[in-house]
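Everything below concerns the one structure shown next.
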Amino acid sequence: MIKLKGEHIKLRALEPEDLQFLYQIENNESFWEVSHTQTPFSKYVLKQYLENAHLDIYEVKQLRLLIEETKSNNQIGMIDLFDFNPTHKRAGIGILIHPDFEKRGYATEALSLLINYSFSHLNLHQLFANITSDNTKSIALFNKFNFEKVGVKKDWILSERKFKDEILLQLINE
């Protein structure tokens, strides 16, 4: 899949060998706010998830891809399409880069690849992202790709006993 390969990274399907990386990411409490996770995941549950990761996006309404460095094959993060709606030609998009690999342009490259894939291969009309108002790095990332702020959900996310606003960003494929 040439569409999912960039200069420094590639996006690829999850493999059984990714279990340890997935376990580490899904059980890192600092990521729970962005993934809306409340409890840890067992390796057993994640292994079952990996066994079904091959299912078609049209069936499960989600596509999770691993972000991998091309030179080293290091697993550096994940990027998702979620709430996929083929009738209305839209999907949400979320991205997570492991802190050890931040500030190297990988998120920009991964988002670019997935936007292009979504519009050219999946024929989507729009993508959206939900980002807490204090996540300035993510907001800046999505703004690079001309995502527009179309709404604010007030006091949407409860985090560490404080409510945060969540911004809805949208990119229309003109």
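The values are calculated or read from the model by the stated rules, or taken from the named source; none is laboratory data. This is a predicted model, so every value here is computed, not measured. Here Cβ is always computed from backbone atoms with ideal geometry, including for glycine, and neighbour counts include all displayed protein chains. Keep in mind that these areas ignore ligands, DNA and RNA; they rest on the heavy atoms of the full protein, side chains included. Shrake-Rupley method; radii C 1.70, N 1.55, O 1.52, S 1.80 Å.
Where helices (runs of 4 or more DSSP H) fall entirely within region 1-89, those with at least 3 residues that are over 21 Å from Phe142 (Cβ atoms) and modelled with pLDDT under 90 are at 19-26, 43-51, 57-60. When region 104-135 is filtered for residues that are β-branched (Val, Ile, Thr) and open to solvent by 30 Å² or more (accessible area, probe 1.4 Å), only Thr108 remains. Across region 106-153, the number of residues qualifying as within 23 Å of Ala13 (Cβ to Cβ) and not hydrophobic (A, V, I, L, M, F, W, C) comes to 10. Is at least one residue of region 111-134 under 16 Å from Ile172 (Cα atoms), β-branched (Val, Ile, Thr) and not in a strand (DSSP E or B)? Among the residues of region 111-134, at least one is under 16 Å from Ile172 (Cα atoms), β-branched (Val, Ile, Thr) and not in a strand (DSSP E or B), which makes the answer yes.
Only residues that are aliphatic (A, V, I, L, M), free of Cβ contacts under 8 Å to residues at least 24 places away in the same chain and touching a strand residue (DSSP E or B) at 6+ places or on another chain (Cβ under 6 Å) were counted across region 120-174, and they come to 2. The sole residue among Leu141, Leu124 that is more than 14 Å from the chain's Cα centre (by Cα), at pLDDT 95 or above and among the aliphatic types (A, V, I, L, M) is Leu124.
Note on region 151-166: residues that are part of a loop (DSSP other than H, G, I, E, B) and either among the aliphatic types (A, V, I, L, M) or open to solvent by less than 100 Å² (accessible area, probe 1.4 Å) (or both) total 0. Only one of the numbered conditions (1) open to solvent by 30 Å² or more (accessible area, probe 1.4 Å); (2) part of a loop (DSSP other than H, G, I, E, B) is not met by Ala140, and that is (2).
Across region 91-110, the number of residues qualifying as assigned to a helix (DSSP H, G or I) and either in contact with a helix residue (DSSP H, G or I) (Cβ under 8 Å, 6 or more places away or on another chain) or modelled with pLDDT under 95 (or both) comes to 5.
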